[in-house]
Amino acid sequence: MPPPSPSGGPYVPGMRRVVSASILLAVILLISWVGLRPPRPESVSAPPRAFSAERAIRFLGRILTDEQPHPVGSSANDAVRTRIIAELTNLGYQPQVQTALGCSEFGVCATVSNVVARLDGAGGTSGSQDAVLLSSHYDSVPAGPGYSDDGTSVGATLEIARALKTMPAPRNPVIFLIDDGEEAGLLGARAFVDSHPWASQVRAAVNLDARGTSGPSLMFETGSASEWAVGLYARGSRRPALSSIFYTVYKLLPNDTDFTIFKAAGYQGLNFAYIGDVAHYHTPLDNSASLTPASVQHQGENGLAAVTALANSDLSNPPQRDAVFFDVLGRRTIEWPARRSLPFALLIALLLGLEMAWMIHRKGMTVAEFLRGFLGWLGTIAITALLALLFVYLLRLAGAMPVAWVAHPLPLEICFWFLGIVVAMIHGVLLARKAGFWGLWSGAWVWWSLLSVLAAWLVPGVSYLFLLPVGTAALAGLMAFFGSAGESRGSLLVVLPPLAVAALVGFPVLLLLYSGLGNTSLVLIAVVLAGISTAAAPLSIDLRNDSGLRGFAFVATPIVAVAAAVFLAIVAPAYSAKAPERLNIEYWEDADASQSQWIIQPESGRLPEPIRVGAVFRPLDRGAFPWDGRPSFAAQAQDLDLQPPTFTVLESTPAGARRAYRTLLRSERGAPYAAVLFPPDAGIASVRIEDQPLTTGIPRDRRFLNGWSAYACAAMPPAGIEISFSLPVGKQVEVYAADKSYSLPSEGKFLVNSRPLTATPSQDGDVTIVTRRVQLIP
């Protein structure tokens, strides 16, 4: 017989509790999905002080008049900049062009031309006023026209600039920075911070960017004064979409935006982006046809709300305190100081522990039942993780996940969502007889409590995911144990409220995980769903005690869903014309060997059949270049005798145990990009490009380049660039000089034509590379 309730009432099984929990989760999933939809775009007739996506898109249409890429240093980029200046001038601003050399921490430099304008604050034109920066970038990658990344943000910046002109002057000035060279390494932002006279006045920045072409505008990054910045934004935002989990996860990723530069300069503020349809990112599909007006509306509303709030606040000394924060269904923001999470978690853990002890004391649960529930929860999570890893392995083996983001991810997401539910449900049914209702309830929430304490201590930004459900469980337990509800009502009281809270805080994050992380998120999705499902594990006793068709159907339905999703994931095409595989074609001419090759690096690692028959390709495990560790395919190509780049030693002087060099790197054929690459053991130091000091290869960059160090110019002037450095004496060093142009010679047209519609160039796109080796003997 099942144990009595803490209040001594009879045990009343019933499928209505399971049905209630299932309906609750389905409703929360639906409203979570609706809450993530961006708002309806406003038309040109919107009030002057409101942000209008249609007005922003009209700005964008006048700026990007074609579907052509416009990377830094190109004539197309010059034309885009000219049109931006004209739009700002028409709005009544006096835009400036800041031309300066910008260099990244990865060793890439270029002369950039930032567009800067200013809206004076209520205090007038005093140069000593603290200011707010609104930033976006106007350059694109060489492979795509950049309508969403970051054209829509430029259009939003202009629309925000227009709207601010219709409002009373803000307390603090607003500086508009539409910068250049972001795609080449955040070069425009670096140049602004390093050399623009207004940079020293900036105290807070709002950055607008995109890593896709649709979805809600997410506030995914802030600074060390997040409690202050998020609080200001939350009070002015109409449709917030933010989470301290996003920021916590983003800090672990090798991703950067201009906001990275602003944070390093000491600016506080907020970073916004939308990330839906990531397959379009940095490809020709980031075009006007893929633009999503609702996303533009959300991005602009966020930017306007953030800038207005910051510009009317005290910027002099923001408190350096972190916050835990998240939005509730896109309607309001909940936040609290991060330092309070650990005391809250410890207090809740104490309360929950007392409830468990009271339950055991009143014979509502035995110690053995508690231990079975405790170990059962751990088993549920461990089994889910192992099964999810196995599913990922098998699905990859079956060809369902050849790329990081597949064209039709819904079957994969359904599979791993239901996998977590299936394991939690079956494990709960198996444990129900020996652990009982309260053993399953107690075991689950003790683990949740432990995780809330660990999260609050180590990663406070994630703590709310555990803290709010376990706090609700502890309060529900108090009411159930000391209230007058019967067993059936009392059990629903202790199960449904914490289950609902777990779903409310967990489902929005889970719905965004695949867009953010791709296939690497699938195991995490299954584990988190299993964790949420353990909140309903006590109701598994009803499934065990119902020997009829209803109980079987509840267990069988998610199992069938997993099986069907696996089948659909395997048969669904991994790529499509709207979500193609990334595949670049390179022509490489080795000037020293007078040999040339076609090089192809498909994202999937598999060469499409139409290209395979076009030439005799051989697989390369580590790439054609010594600094390229990625697998690729190579085929012999006609040697076109292109002029190789030159790397000339202008001056060489001894400097103790080292020798200092002053050199000139130049593309003789006028390629826009050129670099010199040093092998891993070169010992290079004191690197300067055009007299600007550079980092000598940060670890992340060196790992990407197989240990090599590269120093490059992304907008190579005809006269070349000077690079100075030093090397250890007594060791010969062979370096590579390389240049790159963003097109293929006409001889490569047959490969371009054979690329299937389900493949697309990305990032730099199809390129022509010419290299030569140079010996340095210090």
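One table, with the values for the structure above:
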item	result
Under the Karplus curve 6.51 cos²θ - 1.76 cosθ + 1.60, θ = phi - 60°, whole-Hz ³J(HN,Hα) for the stretch 408-414, x wherever Gly or Pro sits	10, x, 4, x, 4, 5, 4
Eligible lysines near LYS740 by straight Cα distance, threshold 19 Å, same-chain separation 8 or greater	LYS749
Other-chain or far-sequence residues with amide H under 5 Å of ALA131's (modelled H)	VAL202, ARG203, ALA204
Highest to lowest packing among 217-223, 136-142, scored as the average C-beta count within 10 Å	136-142, 217-223
Within the accessible area of the stretch 274-344 (1.4 Å probe), percent carbon and sulfur	54 percent
C-alpha long axis of helix 152-165 to longest principal axis of the chain, angle in °	80 degrees
Straight-distance crosslink candidates among lysines, where the alpha carbon sits under 26 Å from LYS434 and sequence neighbours closer than 8 are dropped	LYS363
Reachable lysines, given that their alpha-carbon falls under 27 Å from the alpha-carbon of LYS251 and they are not under 8 places away in the same chain	LYS263
Which label in (1) 1.59; (2) 1.19; (3) 1.07 gives the computed Cα Rg over 2.2 N^0.38 Å	(3)
Rounded accessible area per residue of the stretch 707-778, 1.4 Å, Å²	38 Å²
In sequence order, calculated HN-Hα J values of the stretch 137-143 (Karplus, 6.51, -1.76, 1.60; Hz; x Gly/Pro)	10, 9, 7, 10, 6, x, 8
Two-site label geometry, ARG62 and GLU734: point separation in nm, points 7 Å out along Cα→Cβ	5.7 nm
Inter-centroid distance (Cα atoms) of the stretch 422-464 relative to the stretch 624-693, Å	56 Å
Partnerless cysteines, meaning none of the other Cys C-beta atoms lie under 4.7 Å away, in the chain	CYS415, CYS713
Cα-projected label distance for VAL19 with ASP592, points at 7 Å along beta-carbon direction, nm	7.7 nm
Environment charge at LYS731 (Cβ cut-off 15 Å; Lys +1, Arg +1, Asp -1, Glu -1)	0
Burial order of peptide ranges 180-188, 457-465 (average beta-carbon count within 10 Å, highest first)	180-188, 457-465
HN-Hα J in Hz across the stretch 244-259 - Karplus 6.51, -1.76, 1.60, θ = phi - 60°, x for Gly and Pro	5, 5, 3, 5, 4, 5, 4, 5, 8, 8, x, 10, 9, 10, 4, 4
Cα long-axis angle, helix 522-533 against the chain (0 to 90 degrees, to the nearest 10)	20 degrees
Per-peptide average of other Cβ atoms within 10 Å, ordering 650-661, 231-242 highest first	231-242, 650-661
Net length gained if the chain between ALA289 and LEU410 were fully extended (0.36 nm per residue, minus Cα distance)	41.3 nm
Antiparallel DSSP beta bridges within the chain, percent to nearest 5	75 percent
Residues with amide H under 5 Å from that of GLY276, placed H, sequence gap 5 or more	THR213, SER214, GLY215
Between 0 and 90°, nearest 10: helix 15-35 axis offset from the chain longest Cα axis	20 degrees
Formal net charge of residues neighbouring ARG203 (Cβ-Cβ distance under 14 Å; K, R +1; D, E -1)	0
Accessible surface, per residue, of the stretch 55-208 when the full set of protein chains is kept, probe 1.4 Å, Å²	30 Å²
Accessible carbon and sulfur surface of the stretch 419-532 relative to its total accessible area, %, 1.4 Å	76 percent
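The values are calculated or read from the model by the stated rules, or taken from the named source; none is laboratory data. Owing to the predicted nature of the structure, the values given are computational and were not obtained by experimental measurement. As a convention, Cβ positions derive from the backbone with ideal geometry for all residues, glycine included, and neighbour counts pool all protein chains shown. When the accessible area is computed, the model is the full protein with side chains, heavy atoms only, and any ligands, DNA or RNA have been set aside. Shrake-Rupley method; radii C 1.70, N 1.55, O 1.52, S 1.80 Å.
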